[in-house]
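Below is one structure, written out as structure tokens, with a few remarks after it.
None of the figures in this text is laboratory data; all of them are computed from the coordinates on show. Quick caveat, the model's predicted, so the values are computed rather than measured. Quick reminder, even Gly has a Cβ in these numbers, built from the backbone with ideal geometry, and neighbours come from all protein chains shown.
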Amino acid sequence: MRRTVWNVARKVFNRAAEMRDQEETEVNARAHAASKHATQAFFDSLLAEVAQYDVHVCIVSPGYIRTNLSMNALTGTGAVYGVMDETTATGMAPEDVADIVVEAVVNKRTDVVIAGFIPRLVLLMRVLTPWLYFAIMKGRAKRLRLQQRRVQ
């Protein structure tokens with residue numbers, strides 16, 4: 001089974017690289033998403049493993065935070081992106097996020113989602129109506145791709 005999974009993964013990765021080279025997909029979106037999922041899974045497991053030692057794990061899932069991350073990001077060509085995307089610009093202030101995180105840790109909360117109504121609704125939509133979620137995300141990816149091309 002392991003060999004089969006790796007063969008499929010290799011084929012998917014190679015096709016994704018071809019799409020990137022042909023500018024059919026947003027650069028690094030897969031890597032970013034994979035790192036988010038891996039981090040969530042790691043801390044979910046850690047929480048279960050260290051609970052017996054009275055070690056508390058607080059998993060924080062923030063929405064958009066108003067930082068310079070997109071300003072300093074690199075494009076597919078290696079150039080600085082230099083644009084603050086709308087979602088980041090309208091995100092929460094870092095100080096507000098920090099206050100919420102500190103309060104969550106002090107109160108030993110296990111899972112904290114720091115986001116407004118719409119992002120929380122999207123999380124629910126992903127579970128209850130995945131077909132609608134994926135249709136919306138495909139449209140969003142297309143808009144981001146067009147926006148990125150205008151910047152380059």
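Can you tell me, using C-alpha contacts under 8 Å and at least 6 residues apart, the relative contact order of the stretch 61-152 as a whole percent?
29 percent
Which of rounded, prolate or oblate describes the stretch 25-152 when judged by the alpha-carbon gyration tensor and an a/c cut-off of 1.5?
prolate
Using a 10 Å cut-off around each Cβ, can you sort Ser61, Ser45 from fewest to most neighbouring Cβ atoms?
Result, fewest neighbours first: Ser45, Ser61.
Applying 1/(1 + (r/R0)^6) with R0 = 41 Å to the Cβ-Cβ distance of Ala73 and Lys108, what FRET efficiency is obtained, to the nearest 0.05?
0.75
In which sequence would Val106, Val113 go, from the one with the fewest C-beta neighbours within 10 Å to the one with the most?
By the 10 Å Cβ count, ascending: Val106, Val113.
I need the Kirkwood Rh of the stretch 73-134: take the reciprocal of the average 1/r across all distinct C-alpha pairs and report it in angstrom.
This gives a value of 14.6 Å.
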